[in-house]
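Here is the structure we will look at, set down as structure tokens.
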Amino acid sequence: MKLVVFGANSPTGRLVTAMAMTAGHTVTAVTRRPADFPFCDHRVQTAAADVMDADAVDWVTGGHDAVVSVIGVPPSVRPVTVCSQATYNIVKAMIGHGMRRLLCVASADLDAADLSPAGLLRQRAIRPLVLASGSAVQRDVRRMENIVRESGLDWTLLRPGRLVAGSEVSDYRMTARPVPRPLTFRTDIAHALVREVTHGAYLGETVYVSSPK
Ligand SMILES: NC(=O)c1ccc[n+]([C@@H]2O[C@H](COP(=O)([O-])OP(=O)(O)OC[C@H]3O[C@@H](n4cnc5c(N)ncnc54)[C@H](OP(=O)(O)O)[C@@H]3O)[C@@H](O)[C@H]2O)c1
């Protein structure tokens, strides 16, 4: 398949790119930093684009069979819109180009966070900046998930736990329900994305991906 990977130059995106090539796919790797992208292979081409730029997203998306997004942002105390705006732009481009298959990485944190008034009050008293920054990103990822679910596309949302380096693919689990305090090897979430884009076992589903502890 011809894949376009947004966030391809992230630690996870690089693994997705490598595993997709090994699986026989070709990859258009989207990054704002093409000079830093480490792959030089006939199966991968690099595209410089900012995902907040709808025209640029439209331009790089056309002509592919599927989209994989591992767009992410660091914690911020300011309002965050990158994941939702990027995904809006991607969905719009896909519909315009008649494309169907979309896989996005979200986060198991969305369930772990206690966003009830009592939980927010408790955390606010303890770690005000951490709360403000974490919840801003979480709110944006929730908006992203809603855009994906309402897109009408053949979507899959993958929710990893805290990402940690992994040297190889483990015996990871994909489940409909979260596991307590999950962690996920980057090799595992990358493998899950490439496997899912190939097999489509979780169309229209939100799936937790967790590695053994
Ligand atoms: N880290 C964790 O513990 C954790 C936990 C759960 C879920 N996740 C999710 O897992 C995914 C991968 O995480 P990661 O830690 O490997 O990567 P990451 O450090 O979050 O990097 C994400 C990528 O997003 C891209 N990006 C951000 N803003 C962009 C923009 N305006 N235009 C174009 N690209 C933009 C960056 O690309 P360029 O800088 O190359 O342009 C970057 O490579 C993310 O979706 C993250 O939210 C992470």
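The values are calculated or read from the model by the stated rules, or taken from the named source; none is laboratory data. Computed from a predicted structure; not experimentally measured. Every residue, glycine among them, receives a Cβ derived from its backbone with ideal geometry; neighbour counts consider all protein chains shown. Surface areas here come from the heavy atoms of the whole protein model, side chains and all, with no ligands, DNA or RNA. Shrake-Rupley method; radii C 1.70, N 1.55, O 1.52, S 1.80 Å.
Couple of notes before you dig in:
- Residue-level check: of (1) in a helix (DSSP H, G or I); (2) near the ligand (Cβ under 10 Å from one of its atoms); (3) open to solvent by 60 Å² or more (accessible area, probe 1.4 Å), PRO74 misses just (1).
- Only residues that are within 24 Å of GLN85 (Cα to Cα) and crowded, with 18+ Cβ neighbours inside 10 Å were counted in the range 16-32, giving 7.
- Among residues of the range 77-90 being within 18 Å of CYS104 (Cα to Cα) and not hydrophobic (A, V, I, L, M, F, W, C), the one that is most open to solvent (accessible area, probe 1.4 Å) is TYR88.
- Checklist (1) closer than 17 Å to LEU153 by Cα; (2) exposed (fewer than 14 other Cβ atoms within 10 Å of the Cβ) applied to SER69, failing item: (2)
- Test for ASP53: is it acidic (Asp, Glu) and more than 11 Å from the ligand (Cβ to nearest atom): no
- Count - residues of the range 193-207 that are among the aliphatic types (A, V, I, L, M) and crowded, with 16+ Cβ neighbours inside 10 Å: 4
- Looking only at the range 9-39, and only at residues there that are within 7 Å of the ligand (Cβ to nearest atom) and touching a residue at least 40 places away in the same chain (Cβ under 8 Å), the one that is farthest from VAL67 (Cα to Cα): PRO11
- Qualifying residue in the range 183-192 (condition: more than 12 Å from the ligand (Cβ to nearest atom) and surrounded by 21 or more Cβ atoms within 10 Å (Cβ to Cβ)): yes
- Residue list for the range 33-66, restricted to those being open to solvent by less than 70 Å² (accessible area, probe 1.4 Å) and not in a loop (DSSP other than H, G, I, E, B): PRO34, VAL44, THR46, ALA47, ALA48, ALA54, ALA56, VAL57, ASP58, VAL60, THR61, ALA66
- Of the residues making up the range 152-167, just one is loosely packed, with under 14 Cβ neighbours inside 10 Å and at pLDDT below 95, namely SER167.
- Of the candidates SER210, SER170, the single residue that is among the small types (Gly, Ala, Ser) and crowded, with 19+ Cβ neighbours inside 10 Å is SER210.
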